[in-house]
Amino acid sequence: MNWTPTRRDVMRSIIAGSALCAGCANRRGFFWSEAAASPPAPRSLVSPGCRGSKVRVAKIYLANPAGGLWPTPKLNLNAEIARYEADLAKMSKALADVDFVATPPAQKNAPVTSVEQARQAKEALAGVDGVLIIHLSMGIMPMLQELLAANKATVLFAAPYSGHEWTGFGALERSKEGAQLDCLLTSDTSQLAVAIRPIRAIHHLREAKILNVTSRPWPAVRLNPLTEKFGTSVEVIGRERMMKAYEAIPESVARAEAEQWIRGATAVMEPSRDEVIRSCRLALAFEKLMDEENATVMTTDCYGTMYHQLPAFPCVGNVRLNNMGLGGICESDLSCAMTHIIFQGLAGRPGFISDPTMDTSQDSIILAHCLGSMKMDGPDGSAAPYKLRSIMERQEGCVPQVRMRVGQKVTQAILVDADNVRYFTGSIIDTPETERGCRTQITVKIDGDSRKLWLNWSHGLHRVTCYGDVREDLRRLCKFKSITMTDETA
């Protein structure tokens, strides 16, 4: 069903507006205020989910001027490269966080045309996150094999007529020497930006820093394999430091933030004004700590060691971070935190953590959690409407109950451990609003066998859902990082 405000919602919203916010007589009604609850991204944010540095990609054009008559004896390499560069320039927004690195001996954008040049280029790849190779002419296989010896994540773009080598790319991808190779055989040059996505995710994982607000750190047996494989760092934030950050936020600033959330909501239901203010003050403290630590993700042991140990529940703070292009993760869930980082790297969009429940009568799964992020399209995307509610199962706290977009394609996944990802895809067919489960809910019609999904289910309840079908991007990342990718519906 489509979620539209009822007469009861309208009346409660009017009452809540007059009681909770002085000067709210000019409410904007039941539409999202773009200014509300959506602060600008931190200045140090290079792209959603990443602070500090850009993705370093070696862009290498491969050609063999003596390779024969294919694609044409009149091939003008400079003109070919200029055409690709013009297409890449049109993608400047999608590639704004990418530094294309020139490799010796060639000057910038000059082609590599011999095995010796490929060897020199290979030796300069140590500091890059990945390699983008653009195939221009026949006769490049020995050069390609030399570059693959660098063991860097490599995507090769081969347009029609670039050469006959494509007939061997499949075997090469399956071979040991092609373990870090993935190929795009297409005339669609917009796929050059797609090629960067798994490389971006590798960069994000390596630069990510997760803050875990808890007195019970993750066990080393779980944490160490992830940090060793991906480079992600973790820091524990204790209650004392969290409280100092909270107390450092002026109450007047917290009240102003709370008024924005109230004005932006379609309705304010259970939470009192004081609850909203405390939630927003904690949310601002989250941002403060994230900036101090140059971190990208925060998670709180909200149902464990931090239950009732903080002035408010972390839900508003988590959503606010997600809206900004950072990460706010429920319940000190390490697997969800890592999966969230992956989705932001691949898609530039946050994840929605959920406690699922099955409905095979519709071949669907209901994904539910009390908090939902409004900016599921990313920090620069459109924002979904929300209500301010209590946590369903606790009947306390303040959470944004978000109405997501019916018809939207989604991907759900979980990084189980350093070597395994489980996933499935589907489309949102409903946004239930019920007094069961959790506040924010989406019903997803599964692409595949719903019975097999629940029969295959393992490794806990939580999953992370991202807008869009990112299977191919996830597959490339899994190949590059030697991760087994399992379709839970197969």
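The values are calculated or read from the model by the stated rules, or taken from the named source; none is laboratory data. Everything quoted here is computed from the prediction, not taken from an experiment. Here the Cβ is made from the backbone with ideal geometry for all residues, glycine too, and neighbour counts use every protein chain on show.
Scanning segment 390-407 for residues that are surrounded by 24 or more Cβ atoms within 10 Å (Cβ to Cβ) and not hydrophobic (A, V, I, L, M, F, W, C) yields a total of 2. I'd like to check something: does segment 139-149 contain any residue that is within 23 Å of His340 (Cβ to Cβ) and buried (at least 20 other Cβ atoms within 10 Å of the Cβ)? No - not one qualifying residue is present in segment 139-149. Within segment 49-83, which residues are under 31 Å from the mean Cα position of the chain (by Cα) and crowded, with 19+ Cβ neighbours inside 10 Å? Result: Gly49, Cys50, Arg51, Val55, Val57, Ala58, Lys59, Ile60, Tyr61. On inspection, Thr411 does not qualify as closer than 24 Å to Asn318 by Cβ, more than 21 Å from the chain's Cα centre (by Cα) and either β-branched (Val, Ile, Thr) or surrounded by 15 or more Cβ atoms within 10 Å (Cβ to Cβ) (or both).
Taking segment 384-404 as the range and being of a type in the set (Gly, Ala, Ser) and either at pLDDT 95 or above or touching a Gly at 6+ places or on another chain (Cβ under 7 Å) (or both) as the test, the residues that pass are Ala384, Ser390. Within segment 207-238, the set of residues being at pLDDT 95 or above, exposed (fewer than 15 other Cβ atoms within 10 Å of the Cβ) and charged (D, E, K, R) comprises Glu228, Glu235.
Say we look at segment 101-142 and pick out the residues that are acidic (Asp, Glu) and touching a Pro at 6+ places or on another chain (Cβ under 9 Å); which of these is nearest to Gly67 (Cα to Cα)?
If we filter segment 101-142 for residues that are acidic (Asp, Glu), which is where we start, we get 116, 123, 129.
Subset that is touching a Pro at 6+ places or on another chain (Cβ under 9 Å): 116, 123.
Working: Glu116: 16, Glu123: 24 Å.
Top of the filtered list is Glu116.
From the list Gly372, Gly325, Gly317, the lone residue that is in the same structural domain as Arg476 (by TED's automatic domain parsing), crowded, with 24+ Cβ neighbours inside 10 Å and on the phi > 0 side of the Ramachandran plot is Gly325.
Glu173 falls short on exactly one of the conditions (1) out of contact with any strand residue (DSSP E or B) (no Cβ under 7 Å at 6 or more places or on another chain); (2) of a type in the set (D, E, K, R); (3) surrounded by fewer than 19 Cβ atoms within 10 Å (Cβ to Cβ), and that condition is (1).
Please list, ordered by residue number, the strands (runs of 3 or more DSSP E) wholly in segment 420-490 having 2 or more residues that are assigned by TED's automatic domain parsing to the domain that holds Met376 and buried (at least 18 other Cβ atoms within 10 Å of the Cβ).
Working: elements: 420-430, 440-446, 463-467, 484-487.
In segment 420-490, 420-430, 440-446, 463-467 are the strands (runs of 3 or more DSSP E) which contain 2 or more residues that are assigned by TED's automatic domain parsing to the domain that holds Met376 and buried (at least 18 other Cβ atoms within 10 Å of the Cβ).
For the residues Gln145, Gln180, the requirement of being within 15 Å of Lys481 (Cα to Cα) and modelled with pLDDT of 95 or more singles out Gln180.
Quick one: is Gln117 assigned to a loop (DSSP other than H, G, I, E, B), more than 17 Å from Phe157 (Cα to Cα) and more than 31 Å from the chain's Cα centre (by Cα)? Against the criterion (assigned to a loop (DSSP other than H, G, I, E, B), more than 17 Å from Phe157 (Cα to Cα) and more than 31 Å from the chain's Cα centre (by Cα)), Gln117 does not qualify. Can you tell me which residues in segment 444-468 are under 30 Å from Arg389 (Cβ atoms) and either out of contact with any helix residue (DSSP H, G or I) (no Cβ under 7 Å at 6 or more places or on another chain) or of a type in the set (Phe, Trp, Tyr) (or both)? Val444, Leu453, Trp454, Trp457, His459, Gly460, Leu461, Arg463, Thr465, Tyr467, listed by residue number.
Going by the conditions given, is Ile366 closer than 29 Å to Thr489 by Cβ, surrounded by fewer than 24 Cβ atoms within 10 Å (Cβ to Cβ) and either within 13 Å of the chain's Cα centre (by Cα) or among the hydrophobic types (A, V, I, L, M, F, W, C) (or both)?
yes
Applying the set (1) within 30 Å of Trp166 (Cα to Cα); (2) in contact (Cβ under 8 Å) with a residue 60 or more places away in the chain; (3) more than 23 Å from the chain's Cα centre (by Cα) to Asp188 leaves exactly one unmet item: (2). Does segment 197-220 include one or more residues that are touching a residue at least 60 places away in the same chain (Cβ under 8 Å), out of contact with any Leu (no Cβ under 6 Å at 6 or more places or on another chain), of a type outside the set (S, T, N, Q) and more than 23 Å from Asn294 (Cα to Cα)? No: segment 197-220 contains no residue that is touching a residue at least 60 places away in the same chain (Cβ under 8 Å), out of contact with any Leu (no Cβ under 6 Å at 6 or more places or on another chain), of a type outside the set (S, T, N, Q) and more than 23 Å from Asn294 (Cα to Cα).
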